[in-house]
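Okay, structure first, notes after.
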Amino acid sequence: MGTVVMYASVSVDGFVADENDQPGPLFDWLVSGDVPLDASGALTVSQASHDYTRPYWDSIGVTVVGRRVFDLTDGWDGTPPSGIDHVVVVTHRPPPEGWDPTAPFDFVEGVEAAVARAQELAGDRIVEVAAGDVGGQALAAGLVDEVRMDVAPVVLGSGRRYFGSVDAQHLLEDPDVALVGNRVLHLRYRLRR
């Protein structure tokens with residue numbers, strides 16, 4: 001099975017979006033350099049961010065998100081983001097009316113079942129779990145192997161928390177990556193077992 005990684009861009013005070021579900025300047029680092037991060041050329045980052053982020057993105061097989069993110073993005077119009085093969089949506093609701101059943105999206109009830117399905121689909125590739133409520137649930141259930149965060153130099157003050165509603169202590173190892181890019185600090189921690 002591949003590594004399960006909880007991931008998102010985050011403010012210095014620990015939020016992945018404001019109270020209106022807007023990321024604000026959290027993604028400024030994705031347009032703050034001169035090195036294309038994807039084929040569209042719309043995302044341009046520093047060389048350091050490219051060399052760290054591109055291999056990670058290329059190793060993701062499946063992303064697990066909550067229904068809130070799915071709805072906010074309109075399901076990425078049925079095409080998983082950033083070249084990812086498949087998306088597993090944690091939800092109690094069925095797919096939206098008119099949803100293309102051949103789109104590479106699974107709708108699964110419960111975070112444990114969603115991560116299991118994602119691991120099945122991803123094989124040896126990374127299973128990325130979006131930070132926030134679903135990521136926090138996966139962390140609390142002991143399903144996360146690694147925490148990655150792209151820390152943006154902004155204080156949002158309130159909003160959607162990186163770790164969702166986690167209310168218990170979880171120990172991480174010392175960071176094995178702490179890399180400075182333009183408008184971002186990339187951090188990676190393994191979970192202490």
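Could you list, in sequence order, all residues of segment 1-36 that are of a type in the set (A, V, I, L, M, F, W, C), open to solvent by less than 30 Å² (accessible area, probe 1.4 Å) and more than 21 Å from Arg188 (Cα to Cα)?
Residue satisfying the conditions is Val35 alone.
Going through segment 169-193 one residue at a time, which ones are touching an Asp or Glu at 6+ places or on another chain (Cβ under 8 Å), open to solvent by 40 Å² or more (accessible area, probe 1.4 Å) and aliphatic (A, V, I, L, M)?
Within segment 169-193, Leu185 is the sole residue that qualifies.
Do we have any residue at all in segment 98-107 that's within 18 Å of the chain's Cα centre (by Cα), crowded, with 20+ Cβ neighbours inside 10 Å and within 18 Å of His170 (Cβ to Cβ)?
Within segment 98-107, not a single residue is within 18 Å of the chain's Cα centre (by Cα), crowded, with 20+ Cβ neighbours inside 10 Å and within 18 Å of His170 (Cβ to Cβ).
Condition (residue is within 30 Å of Asp34 (Cβ to Cβ) and either touching a residue at least 60 places away in the same chain (Cβ under 8 Å) or among the hydroxyl-bearing types (Ser, Thr, Tyr) (or both)) applied to segment 108-123: is it met by at least one residue?
No, every residue in segment 108-123 fails to be within 30 Å of Asp34 (Cβ to Cβ) and either touching a residue at least 60 places away in the same chain (Cβ under 8 Å) or among the hydroxyl-bearing types (Ser, Thr, Tyr) (or both).
All but one of (1) assigned to a loop (DSSP other than H, G, I, E, B); (2) in contact with a Phe, Trp or Tyr (Cβ under 7 Å, 6 or more places away or on another chain); (3) modelled with pLDDT under 95 hold for Asp100; which doesn't?
Of (1) assigned to a loop (DSSP other than H, G, I, E, B); (2) in contact with a Phe, Trp or Tyr (Cβ under 7 Å, 6 or more places away or on another chain); (3) modelled with pLDDT under 95, only one is false for Asp100: (2).
Residues to consider are Val89, Val154; find the one that is within 25 Å of Glu19 (Cβ to Cβ) and under 17 Å from the mean Cα position of the chain (by Cα).
Val89
Looking for whichever is open to solvent by less than 40 Å² (accessible area, probe 1.4 Å) and small (Gly, Ala, Ser) here; the options are Ala118, Ala39, Ala113. Which one fits?
Answer to the selection: Ala118.
Give me a count of the residues in segment 91-115 that are within 25 Å of Thr53 (Cα to Cα) and of a type in the set (A, V, I, L, M, F, W, C).
3
Can you tell me which of Trp57, Trp76 is without any contact (Cβ under 8 Å) to a residue 24 or more places away in the chain, within 21 Å of Ala114 (Cα to Cα), of a type outside the set (Gly, Ala, Ser) and surrounded by 15 or more Cβ atoms within 10 Å (Cβ to Cβ)?
It is Trp76.
Would you point out which residue out of Val129, Val166, Val144 is in contact with a helix residue (DSSP H, G or I) (Cβ under 9 Å, 6 or more places away or on another chain), part of a loop (DSSP other than H, G, I, E, B) and surrounded by 17 or more Cβ atoms within 10 Å (Cβ to Cβ)?
Only one candidate qualifies: Val144.
Which of the following residues is within 19 Å of Leu187 (Cα to Cα) and either of a type in the set (Val, Ile, Thr) or open to solvent by less than 50 Å² (accessible area, probe 1.4 Å) (or both): Val45, Val64, Val87?
Step by step, each of Val45, Val64, Val87 is checked, and only Val45 is within 19 Å of Leu187 (Cα to Cα) and either of a type in the set (Val, Ile, Thr) or open to solvent by less than 50 Å² (accessible area, probe 1.4 Å) (or both).
A quick yes/no check of all residues on (1) farther than 20 Å from Val45 by Cβ; (2) modelled with pLDDT under 95:
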{"site": "Ile126", "(1), (2)": "no, no"}
{"site": "Asp133", "(1), (2)": "yes, no"}
{"site": "Leu143", "(1), (2)": "yes, no"}
{"site": "Met149", "(1), (2)": "no, no"}
{"site": "Val166", "(1), (2)": "yes, yes"}
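The values are calculated or read from the model by the stated rules, or taken from the named source; none is laboratory data. Only a predicted model underlies this, so the values are computations on that prediction, with no experimental measurement involved. Please note: Cβ atoms are built from the backbone with ideal geometry, for glycine as well, and neighbour counts cover all protein chains shown. The area values use the complete protein model at the heavy-atom level, side chains included, leaving out ligands, DNA and RNA. Shrake-Rupley method; radii C 1.70, N 1.55, O 1.52, S 1.80 Å.
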